[in-house]
Structures are given as structure tokens and as C-alpha cells.
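To keep things clear, I will list the structure first and then write my remarks on it.
Just so it is clear, none of the values below were taken in a lab; they were calculated from the coordinates. Bear in mind the structure is a predicted one, so any value in this text is a computation, not a measurement. Neighbour counts are summed over all protein chains in view; Cβ atoms, including those assigned to glycine, are modelled from backbone coordinates with ideal geometry.
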Amino acid sequence: MEPRLASGNEFVDRLLQRIGWQTVAEDERNLATFLQRAIARLVDTALVLAVAWLFQEVAIYFIRQGNVVNESYVITSIKQAMPALALILWVIVYSPVMESTGGTVGKRLMGIRLVELKSGRVPQFRIAAARAWIYLIFVVLFFVPAVLSCLAYFFSDYRQTWHDKLTGLICVKWSRIRQA
């Protein structure tokens, strides 16, 4: 009986593997284009920068109301910190929360979505957070790795960027997801 159980398990494993390959092949035909992803990233960047700028302006307003001693120095410092605030908003809040609930605003507008390569499901919060942190590391390393990561789209099997590949995600067209 033991050999039959093992061969039955092997059959099931091969069948599941074949179904997985067919799903991946089907997803490959429905992968998001580079242009869709680029436009989504621009929309998301503009949105996060706008929120960070709004925080900056509110902070400057309250500083001016409080008669701070070194007002111009504090305001200049806040303006210099705004890009860092935008990055932190992106990595800690915007990207992980939005990706784990169906996609960022830009991706939703472009009709695309990040999904797990193996399961086809929307990524969990921790996977989306890991992806955002990996991309942050690339950006902090003087943008060169971030640009190379995005250009990896053209050379990878499933049109994945490096931060997608490291987290096991692919970007697919949303209409494919809705039909499933």
C-alpha cells in the first residue's frame, strides 16, 4: 500500500504542477504592459507627493502662527524634509495598504493589479510592505538600482521588476482578475 500512496501523491503533485503552469501561462498573456505600469507609478508618485506637500504646508502654517524664533530656518528645514516624508508615506502607508487591498490608485486607474505569481491572489500586507521596502532600498541607493529594477521588466520571464521577483509578485491586467 505504501508505494501506491506515494505514486498517488506524485500524480496529484504533477497534476497540480501542470495546472499551476497553465495558470502562469494564461497570466503571462495578460501581464500588464510597461506603459501601464509607468503611468500608474507616475499617478501614485504625484498623489503621494501631493499629500506630503499638503502636510508640509499645514506644518508651515502652524509654525507661522506660533511666532517661532528661527521661523525661516525651521520652514527651510521642513521643505528639505518633504521628499523624505513622501518616501516614508509611500513605504509605510500608501503602497502596502493599497496593494494589499487591491492596488494603488494609479494601478486601479490603469486597470492593473499586483498578484502573487503562484496563487494569483492579491498579496498580503506583509508581502506588499516587503516589496515597498525593497524598492525604497533601491531608491536610496542613488536611483540606479531603482531604474535597473524597472528595466528588468523587459528581461524577466513574467515581466517582473526586481522588487516583484524578490517578493514573488506579477502585475496583471485587472479585467483578467475580474473574470476569474
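Within the chain, the whole DSSP H helices whose Cα atoms reach 24 Å or more along their own axis and whose mean Kyte-Doolittle score is at least -1.0 are 2-29, 34-65, 71-88.
Considering all projection directions equally, how large on average is the shadow of the alpha-carbon convex hull of the stretch 24-94, in square nanometres? Averaged projected hull area, Cα only: 6.1 nm². Build a GNM of the chain with springs between Cα atoms under 10 Å apart, and of 66, 102, 168 the one that fluctuates most is 66.
Sparsely packed loop sites in the stretch 83-180 (the chymotrypsin sites (Phe, Trp or Tyr not before Pro) outside DSSP H, G, I, E and B with at most 12 other Cβ atoms within 10 Å) comprise 142, 143, 155. For the pair residue 68 and residue 10, the difference between a 0.36 nm per residue extended length and the Cα-Cα distance amounts to 13.6 nm. What the phi angles of the stretch 152-168 give under the Karplus curve with 6.51, -1.76 and 1.60, with θ = phi - 60°, is a coupling list of 4, 3, 6, 10, 8, 4, 10, 6, 9, 7, 4, 5, 6, 4, 5, 9, x Hz, glycine and proline written as x. Here is how the number arises for the chain: DSSP H runs of 4 or more residues each give -39500 (n - 2.57), the sum is divided by the residue count, and the result at 222 nm is -22500 deg cm²/dmol. Other residues whose C-beta falls under 12 angstrom from the C-beta of residue 34 contribute a net charge of +3, scoring Lys and Arg +1 and Asp and Glu -1. The Cα-based radius of gyration and maximum Cα-Cα distance (Dmax) for the chain are 21.5, 85 Å. Taking a sphere under 10 Å around the Cβ of residue 152 and counting the other residues whose Cβ falls inside, with K and R at +1 and D and E at -1, yields a net charge of +1.
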